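Worksheet: one structure, shown below.
Readers should treat all values here as calculations from the given coordinates under stated rules, not as data from a laboratory. Only a predicted model underlies this, so the values are computations on that prediction, with no experimental measurement involved. Glycine also receives a Cβ, built like all others from the backbone with ideal geometry; neighbour counts cover every protein chain displayed.
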Amino acid sequence: MPPKGKKNAVAEKPKAGEEERDEPLQAVILTDPFETRFSPFTLEQPRCLLPLVNTPLIEYTFEFLANAGVQEIFVYCGAHREQVEVYISRSKWSSRSSPFSRLEVIQSTARTVGDAMRDLDTRSLLVGDFVLVYGDVVSNLPLESALAAHRERRTKDKNAIMTLVLREAGQNHRTKARGTKPIFVVDPSRDRCLHFEQMPNREGSHFLSLDPDLLSHEEIEIRSDVIDCGIDICTPDVLALWSDNFDFQAPRKDFLHTVLKDYELNGKTIHTYIVEDHYAARVRNLHAYDSVSKDIISRYAYPLCPDTNLLQDQSYQAYRGNIYKEQGVILARSCVIKPKTAIGRATSVGDGTVISRSVIGRHCQIGRDVTIEGAYIWDYASIGDGCTVKQSVIANEATLRKNCTVEAGALISYGVIIGEGKTISGQHRITRAKRKRTDGEELDKGEADVSVVGPGGDGFEFHDSEEEEEEEIVDGLVPPDPNLSLSAQSISTLNSEGDDDSDMAQNLNRPAADSFVSVGSQDSYASQHAANFDHDASASIYDSLEKGHESANIQLELTALRMSTNASDHQVRRSIVLSFVKRIVQLIKSDSSAKSAVDQVFGQHKELLERSIFDKTQAKKVDQVDFMLLLQTELSHRETGDIILLSAATKLVELDIIEEDGITQWWEDAKASDGQEMKAVREKTQQLIDFLNDSSESEDEDDEEEEDSE
Amino acid sequence: MAQGATVVTTPGLTSFLKSLKTTPADPSVDYLIALLKRRQIRSSRPCAIATTALLLRVVGEFKGRDAAKLVQRIRDVGRLLVAAQPREVVVGNIVRRVLGLVREVVDENMDSDTNVTNETEAGSQPEASSPRRPVLSSSISTFSPLHYAVAEPMHSSFQSEATFDSADLSRRPPLTASHTTSLGHSLFGLFSHPETPSASNTPTGQQSPTGKGLTTLNLERLADFNKSNVNVDLKAEVQDGIKELQDELEQSDELIAANALEHIHANEIILTHTASTSVQKFLLAAARKRKFTVVHAETHPLDHTATYGMALTGKKREHTPSDEEETWKPLIAAGIEVYVIPDSHVFAIMSRVNKVILATHTVLANGGLVAASGAAMIAKAAKEHQTPVVVVSGVYKLSPVYPFDIADLIEYGDAGSVVPYDDGDFVDKVDVEAPLFDYVPADLVDLYITNLGGHAPSFLYRIVADHYRTEDITL
């Protein structure tokens, strides 16, 4: 329920390069998707340089862009920028014969895709339509027609800001994302994406809540059968949208979802371009790494095959049964190379060794009687006699001594040595590098853990302390349990005529696991709205704040919203805090001091705050503590959050919204000092607490003193 | 899309030729390598056109007059190009042809140098002075039973070409370019000036300086060419030769088509395969005079869209930019009945077919050929039914490569074209191979028709010997 009366900041933004169609086609590569999907390997190497079938990932991306006729590329780097830069400067892409007229590496401190996009917006490098891809896209798709479709829409309607390129891929496909399942609701007649939802692929989540408004479209398709290959054709307006919504982080979950949801607010449409042929996939995690490798070797990505020799010094030749060998491979007479295998230059394979469905890098030494099955062994690794390696990744320069067993799913990082006769089970991730807590880029060499790597080994079990709390399960190379990882769904195309019938039918014969569509069914209705409340409420309050509506009106709207969705008080408070903070930050950006911004926002809307806190009379100030905690959490990841928190706390006490007891209880609450960020943000507020402690003795001077303490 | 012209297009032959005008040679070489690797330039004709254009540029930018260095330079470029896509054998062929051109220019001038008196006399070849044997040129086919009517006009045309040549460049001995080129040229002349008769009937063999036994002498000559011949413009001559090669590429289809009436008779049933320009023009040429029936195997899944396009509109693909691909009327417009059948029906229908006409990717020195997959099956079926198999191919596709390892010549394509990639279970559990080409052994082919005329497969080695220098066979 977005508020009527649209005021649209986005639409007023000057649209640079709108008319200039002569502009070269530009592309942005995000080399770092800001997730830790490839740890422990990404500790030492940037993800885009990890070898996929013995060719660095980014080569495939460049190849794709060159294929599409892109001329200017901006490579957006997160961690390990130097390595990426060195690699690119040495590659053929920056040579004179490069198909790109401009190739720039941009370093940033961004920690999410959102930050990166906002940073790009401020740099204003992109003038016209551009292609946004990740540094791990593998595709042989010619973008020509997608671009043409995008441009055609664009000339008709300036609000068509983005085209998503999706690859159709049936129900169960090895290359599709496990973990979460992206669901696209598409209006096929206009290729418009209407709704996007990421559905965690866990038990009991076979339901999708849809806005009933969607059904007003003549025809909709709800699709989960597509590979989202992360290729977006964007207009500069997209960047502006990112900038306007500074809380967006993920490109799909936040940006896409919200922009589609806010269609009525900002009028922007996003379209899809679904391809049925050609290859397109993202190597988003190890599972995808495995399947994309297989696709490349089985030539589904043709002409992106090993024997295309993307790198200048490669010399792969294809043999029968999709076996690829580079020149100078030394094979013992009695070794057996089974189909779907690629072996790099100067690798030697000993007697009696059997290799199947594997990729082996250059300069590897593989001993006698070794069995390698479905494994990925990178350059300079050595595998001792009698080892067995199954479906695992063994990184550069790692060594397996004699008679080791590496079970399916294990990851062995750079330079690790596994002692003789050791068995590494599937869930182990062994590394030698440790990230220094202070600086993400610096690496320490950790102590060897003999219990893991065996005597004479080197390396230890990797624990990702910073593993972010993502909804997506970190996919391993091997699916944890085949029964969990798949669930067949039905895709339905709902026609407006058959609405009720099909709803009923679906509700009736919904065999629990088989259908996730439940439009308008009773149970999902409430939960859907409760979930939407946060979003709608904060958007609506924020809007009203911006336009300077009276608090009474805001209150009215909020109450209505709360009633209709049965939202809890906590949710109300959260949306208030969210929108207030957003407004304050915005005011500060437009050059007002933290204090005056806080005064303005909180002062004007005292009523609103009072109506959300109901524990004035009680001794235990649960609501107040909750409010403060929310405020603190929200501010903890804002710039100058500490100052805002101090001013806000002061103001709140001043207005008597939060009582002194409330503040003290909050201060003592365990959650308030939980974690570094939380501690940092409340540091400055210490003065207020000190002051309050003092002043509790001299209460009459309270008000004036407080102002002084600022 | 009002600004349609500026819409970014996928790189390909057109964009390569365009960029070649402005880009220097080295980046162009890299560009072509990238295009070959990405398969954005594929199949014989575009590869040949791109390679010739590139080599013209390379020669044009070559500094100095040292023939040995020029040979080295072309060879280096050639190696890179061949390594980029070894299965486009045509690239190697063109490089070898250009190398042959350079050597020929050197030979000519060495000859004229030793016989200074002869130099100004156009047309008089210093035959005796060089250890060159009179080469049996492809006009040997005059004597071949396979060759029918073309022999006469071919001879008559020679004079016109020779005179034209000598008048134009009197300093230059008449045949600087390779002998096929001149043949091609002369045949072209045949069509443009058919009314010019000629009295003399010079044996072609005398005119073709394709010295095969010159190997050792050649090397020395390359070395001291520079010193002895200051007045010869090596570069210009080679460039002229390359341009003639380009003409040959352009005209080969017409020249092949000129043979059509001898091979296609009224009311025959012709079976063909793949959307090939050469075959299509061949059939069209026959269709002007005769009525016959064409059965077209669709070549699913690798080439079927192009085949349909060819049968219906005469164009291979609807969305290809029209500049590169010339359009012509489809066979049906010429009143020919065309049946498109799946490849699997070929054997069943073979008993009724009078002649099989195959297009080719590459013709090999032993008389075998590499053609779009399905060709081997058709040839086998034809053999079974004693149906003659005629292969239509430009001489530029004829390669000195001997198929020791057939697997090397066969490219495997996108497995997704055979099994839909959407079918996750299938993709995961079944290994699919989709070869793009088939090898058809020489004994399944009855006749080759090139721009030089018709040849028996066993005779091809002679044409190879005429077109490529032995020293260039391994690049």
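Structure above, values below:
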quantity: R0 of 25 Å, Cβ-Cβ distance B:Ile332-B:Gln246: FRET efficiency to nearest 0.05; calculated: 0.20
quantity: Those lysines that a straight Cα-Cα span of less than 25 Å connects to B:Lys315, excepting residues fewer than 8 apart in one chain; calculated: B:Lys18, B:Lys281, B:Lys289, B:Lys291, B:Lys329, B:Lys355, B:Lys397
quantity: Stretch gain in nm, segment A:Ala619-A:Phe246, where the contour uses 0.36 nm per residue and the Cα spacing is subtracted; calculated: 130.5 nm
quantity: Karplus 3J(HN,Hα) series, Hz, for the stretch B:88-97 with 6.51 cos²θ - 1.76 cosθ + 1.60 (x for Gly, Pro); calculated: 8, 4, 4, 4, x, 4, 4, 4, 5, 4
quantity: Relative exposure of A:Phe627, A:Phe462, judged by other C-beta atoms within 10 Å (fewest first); calculated: A:Phe462, A:Phe627
quantity: Label-point gap, in nm, between A:Gln312 and A:Ser89 - each point 7 angstrom along Cα→Cβ; calculated: 1.6
quantity: Peptide B:30-38, shielding by other chains (average Cβ, 10 Å cutoff); calculated: 5
quantity: For the stretch A:23-286: lysine pairs under 23 Å (alpha-carbon distance), excluding those fewer than 8 apart on one chain; calculated: 9
quantity: Net lengthening on full extension, B:Leu261/B:Lys291 (0.36 nm per residue, minus Cα-Cα); calculated: 9.7 nm
quantity: Per-residue HN-Hα couplings for the stretch B:341-346 [Karplus 6.51, -1.76, 1.60; θ = phi - 60°; Hz; x = Gly/Pro]; calculated: 10, x, 4, 5, 8, 4
quantity: Over the stretch A:248-396, relative contact order from alpha-carbon pairs under 8 Å, at least 6 apart, %; calculated: 11
quantity: Amide H partners (placed H, <5 Å) of A:Gln391, local residues excluded; calculated: A:Glu373, A:Gly374, A:Ala375
quantity: Which of A:Tyr376, A:Tyr300 has the fewest Cβ neighbours within 10 Å, and the rest in rising order; calculated: A:Tyr300, A:Tyr376
quantity: Alpha-carbon spread of the stretch A:316-461, three principal axes, descending order, Å; calculated: 51, 31, 22
quantity: From phi via Karplus (6.51, -1.76, 1.60), per-residue ³J(HN,Hα) for the stretch A:537-543 in Hz, x at Gly/Pro; calculated: 4, 5, 5, 5, 5, 4, 4
quantity: Relative packing of B:370-381, B:61-72, which averages over residues the other C-beta atoms within 10 Å, highest first; calculated: B:370-381, B:61-72
quantity: Partner chain coverage, peptide A:300-306 - average Cβ within 10 angstrom; calculated: 6
quantity: Full-extension gain in nm, A:Ala408 to A:His363, via 0.36 nm per residue minus C-alpha separation; calculated: 13.9 nm
quantity: Cβ neighbours within 10 Å from other chains - mean over A:266-279; calculated: 1
quantity: Dimensionless Rg over Rh [the stretch B:259-472; C-alpha; Kirkwood]; calculated: 0.98
quantity: Calculated FRET value between B:Thr305 and A:Asn553, using beta carbons and R₀ = 45 Å, to 0.05; calculated: 0.15
quantity: Nearest-0.05 FRET efficiency for B:Phe426 and A:Glu219, computed from C-beta distance (R0 30 Å); calculated: 0.50
quantity: Distance in nm between pseudo-label sites at B:Lys63 and A:Asp157 (7 Å out along the Cβ direction from Cα); calculated: 5.9
quantity: For A:His195, residues with placed amide H under 5 Å, excluding near neighbours; calculated: A:Val185
quantity: Radius ratio Rg over Rh of the stretch A:50-173, counting only Cα atoms, Kirkwood formula for Rh; calculated: 0.97
quantity: Length-normalised contact order of the stretch A:273-320 in % [C-alpha pairs under 8 Å, at least 6 apart]; calculated: 22
quantity: Residues A:Tyr319, B:Tyr402 arranged by fewest to most Cβ contacts within 10 Å; calculated: B:Tyr402, A:Tyr319
